[in-house]
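Undergrad: I have a structure here, written as structure tokens, and I will follow up with some questions on it.
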Amino acid sequence: VFLESLNRLNRDKNLHKNVLAFINVPGWVGDPREDLQGRLKSKEKFDTPLEVPFITHWLHNMTHDQVLDMLKYLGMGNRPEDKVKVIFVPCYLNGRDGIMNKEYYDILLGQDLSVYASYYEPWGYTPLESVAFHVPTITTDLAGFGLWVNSLKNQHGINDGVEVLHRSDYNYSEVADGIKDTITLFADKTEKEVKEIRKRAAEVAEQALWKHFIQYYYEAYDIALRNAMKRQLS
């Protein structure tokens, strides 16, 4: 659904800025691309794309990878005229991958916005980690974190650091449009507005600190222990 949203975003006349979308999802990764390594080390400027102009590392299943298959199906090509460019990083970001050579959290810090369009997450630490690093995020109400954010007062979407989209088994297209529209809205923000949104995102993360949540664990364990005691005495 994220790739579908990027495809729609690429054709959106309301998008007035270029978007660089990183897909940091591990695949059946092989080796880092030597042709890309060569260009990164070179001082020359290149105006011709590499073969498969999305991916940073070769995969063992290049012809059967779901991300690459979807990009091909959607006709996305990282062409010069495309407002949306995609970089697929199919490896674990441990700082030693041969291309990025940075750890995940270092990459996250460099993002303007993150998208975790969860289809199911009991809690969902990735969007929480994002806002903890002052990076606004888009998630869904099929993640526990999204449901919790919806319960907060004075939380009004991406302007307050977290956009929670409603997702079900039947609203794929609406979710894709929701991601597209949120990215478009965010891209139009001024530098001052973005700075304020990043601050509000961190404030959301602060409310999820362990010191605020641990009381609910105490209550749950207390209930469980009292019920266990009742069963022993009956």
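The values are calculated or read from the model by the stated rules, or taken from the named source; none is laboratory data. Since this is a predicted model, take the numbers as computed values, not measurements. Note: ideal-geometry Cβ built from the backbone for every residue, glycine included; neighbour counts use all protein chains shown.
Undergrad: Which number in (1) under 30 Å from residue 182 (Cβ atoms); (2) among the charged types (D, E, K, R); (3) modelled with pLDDT under 95 marks the one condition that residue 43 misses?
TA: Just one mismatch for residue 43, condition (1).
Undergrad: Kindly provide the set of residues from the stretch 146-164 that are at negative phi and assigned to a loop (DSSP other than H, G, I, E, B), ordered by number.
TA: 152, 153, 155, 156
Undergrad: How many residues, within the stretch 102-119, are of a type in the set (D, E, K, R), over 18 Å from residue 2 (Cβ atoms) and assigned to a loop (DSSP other than H, G, I, E, B)?
TA: Total satisfying the criteria: 1.
Undergrad: Continuing with the same structure: Considering only the stretch 194-225, state which residues are part of a helix (DSSP H, G or I), of a type outside the set (D, E, K, R) and surrounded by 11 or more Cβ atoms within 10 Å (Cβ to Cβ). I'd like the intermediate steps shown before the answer.
TA: In the first step, residues of the stretch 194-225 are kept if they are part of a helix (DSSP H, G or I); the result is 194-207, 210-225.
Those left that are additionally of a type outside the set (D, E, K, R): 194, 197, 201-202, 204-205, 207, 210, 212-218, 220-221, 223-225.
If the condition is that a residue be part of a helix (DSSP H, G or I), of a type outside the set (D, E, K, R) and surrounded by 11 or more Cβ atoms within 10 Å (Cβ to Cβ), then 194, 197, 201, 202, 204, 205, 207, 213 are the ones that fit.
Undergrad: Scan the stretch 151-160 and give yes if some residue there is modelled with pLDDT of 95 or more, crowded, with 16+ Cβ neighbours inside 10 Å and of a type in the set (Asp, Glu), otherwise no.
TA: yes
Undergrad: Kindly establish whether residue 72 is surrounded by fewer than 18 Cβ atoms within 10 Å (Cβ to Cβ) and in contact with a Leu (Cβ under 6 Å, 6 or more places away or on another chain).
TA: No.
Undergrad: Do you know which residues across the stretch 126-145 are part of a helix (DSSP H, G or I) and among the polar types (S, T, N, Q)?
TA: Scanning the stretch 126-145 gives 126, 130.
Conditions tested, residue by residue: (1) surrounded by 10 or more Cβ atoms within 10 Å (Cβ to Cβ); (2) not charged (D, E, K, R).
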{"position": "177", "(1), (2)": "yes, no"}
{"position": "180", "(1), (2)": "yes, no"}
{"position": "183", "(1), (2)": "yes, yes"}
{"position": "188", "(1), (2)": "yes, no"}
{"position": "192", "(1), (2)": "no, no"}
{"position": "229", "(1), (2)": "yes, yes"}
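Undergrad: Is it true that residue 3 is within 21 Å of residue 101 (Cβ to Cβ) and either touching a residue at least 24 places away in the same chain (Cβ under 8 Å) or not hydrophobic (A, V, I, L, M, F, W, C) (or both)?
TA: Here the answer is no, as residue 3 does not meet what is asked.
Undergrad: Go through the stretch 133-172 and count every residue that is touching a residue at least 60 places away in the same chain (Cβ under 8 Å) and hydroxyl-bearing (Ser, Thr, Tyr).
TA: Residues flagged as touching a residue at least 60 places away in the same chain (Cβ under 8 Å) and hydroxyl-bearing (Ser, Thr, Tyr) within the stretch 133-172 amount to 2.
Undergrad: Before we move on, is residue 181 charged (D, E, K, R), assigned by TED's automatic domain parsing to the domain that holds residue 149 and within 23 Å of residue 151 (Cα to Cα)? Let's see the steps before the verdict.
TA: Details: charged (D, E, K, R): yes; assigned by TED's automatic domain parsing to the domain that holds residue 149: yes; within 23 Å of residue 151 (Cα to Cα): yes.
Yes.
Undergrad: So residue 189 fits all but one of (1) assigned to a helix (DSSP H, G or I); (2) over 15 Å from residue 2 (Cβ atoms); (3) of a type in the set (D, E, K, R); what number is the exception?
TA: (1)
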